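Asker: I am attaching a structure below and will ask some questions about it afterwards.
The values are calculated or read from the model by the stated rules, or taken from the named source; none is laboratory data. Only a predicted model underlies this, so the values are computations on that prediction, with no experimental measurement involved. Note: ideal-geometry Cβ built from the backbone for every residue, glycine included; neighbour counts use all protein chains shown. Note: areas computed on protein heavy atoms with side chains; ligands, DNA, RNA excluded. Shrake-Rupley method; radii C 1.70, N 1.55, O 1.52, S 1.80 Å.
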Amino acid sequence: MLRIEALHKRYKTGDAALRGVSFSVASGEIIGLIGPSGAGKSTLIRCVNRLVEPTSGKIFLGDVELTALNKTALRQARRRIGMIFQEYALVERLTVMENVLSGRLGYTGFWASYFRRFPQADIERAFAVLERVGLLDHVDKRADALSGGQRQRVGIARALVQEPELLLVDEPTASLDPKTSRQVMRLITELCAERRLAAIVNIHDVALAQMFLPRIVGLRAGEIVYDGPASGLTPEVLTRIYGEEDWSKTSAASGDAADEEPAHAHGHHAHDHHHDRDMSAAVR
Ligand code: ADP
């Protein structure tokens, strides 16, 4: 349902972030995108909804070539693509319900959204997804009154209420502790299965990726160096993706070591604005 062909991205600064990336995602399939910092993971998922404009290559969502769409057509196509962010990208002073409803902005007309008037059907949809993610008791709370895990569940609900076919998930657990990370990954994978959603999950925690994501695409310096089952992430493959390291002592090959992973909380504030901008571009 998603096909990426020979995707290249060179930023104006001269960095070649993607160098001929090709792969497909089937309907209902969920893939983990791993690779070292700077490998191009974030650039890749942002090229799919064209928050980043690819330099060359083609991306198809079903029959639609996303890379060929004009602004209006792109706005329509983006309804089919939900995005979940590392730092949640919630509007802090708005309630949980208002944040979730913002996922419907791609459908509401300009004046309706200007006055924040959402159709009853949207409100019912929002209640349904909030129930599914376990936030029904928090509907009227302000986003800034929630824990990290709850905030990410609001982010997930906002993406779902859009009724997308594809989810782009950018490091959903990077700001969460290990237990909450697992809960969030479990929720995302269950929801994909229930709704036959395809997803690309950019994730830097290899153990967590292995635990929840059957297919892994490994990116290094803008190129795919592995595309296969999570069980195939041997020390050799991890070396190909991340470079030399004693992988036998760590997670992936030897199984479940997610609890040893530090929670990469805090310290991502430099990205916040960036993601907020992404968010507003994504809903408009
Ligand atoms: P990852 O998500 O795997 O850490 P990124 O996609 O963020 O990788 O970055 C890939 C490369 O592109 C890096 O070399 C990074 O410096 C560069 N890059 C990312 N975003 C920009 C940008 N907005 N302008 C210029 N270069 C960028």
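Asker: Can you sort 12, 41 by 1.4 Å-probe accessible area, starting with the largest?
Answerer: 12, 41
Asker: Still on this structure, I have one more. Provide the gained length on full extension for the span residue 128 to residue 11, in nm with one decimal, where the gain is 0.36 nm per separating residue minus the Cα-Cα distance.
Answerer: Going from the current span to full extension adds 38.0 nm.
Asker: Another one. Tally Lys and Arg at +1 and Asp and Glu at -1 over the other residues with C-beta under 12 Å from the C-beta of residue 160: what net charge comes out?
Answerer: +1
Asker: To continue, here is another question. Give the lysines reachable from residue 141 as a straight Cα distance under 28 Å; neighbours fewer than 8 places away on the same chain don't count.
Answerer: Leaving aside lysines fewer than 8 places away in the same chain, those within reach of residue 141 are 179.
Asker: On a straight-distance basis, which lysines could pair with residue 9 in a cross-link, Cα separation under 27 angstrom, same-chain partners fewer than 8 positions away excluded?
Answerer: Of all the lysines, those that pass the test against residue 9 - Cα under 27 Å, at least 8 places apart if same chain - are 41, 58, 71.
Asker: What does the C-alpha gyration tensor say about the overall shape of the stretch 152-232? Classify as rounded when a/c is under 1.5, otherwise prolate if a/b is larger than b/c, or oblate.
Answerer: Prolate is the answer for the stretch 152-232, as a/c is 1.5 or above and a/b outweighs b/c.
Asker: Once both labels are modelled 7 Å past Cα along the beta-carbon direction, what's the residue 22-residue 244 spacing in nm?
Answerer: Going from the residue 22 label point to the residue 244 one covers 3.3 nm.
Asker: So the label point goes 7 Å from the Cα of residue 94 along Cα→C-beta, right? Which residues of the stretch 155-196 then have their backbone N under 16 Å from it?
Answerer: Within reach of a label on residue 94, which here means backbone N under 16 Å from a point 7 Å along Cα→Cβ, the stretch 155-196 contributes 155-163.
Asker: Moving on. So for the stretch 82-224, taking the charge dipole from beta-carbon charges (+1 Lys/Arg, -1 Asp/Glu), which of 134, 84, 174 sits furthest toward the positive end?
Answerer: 134
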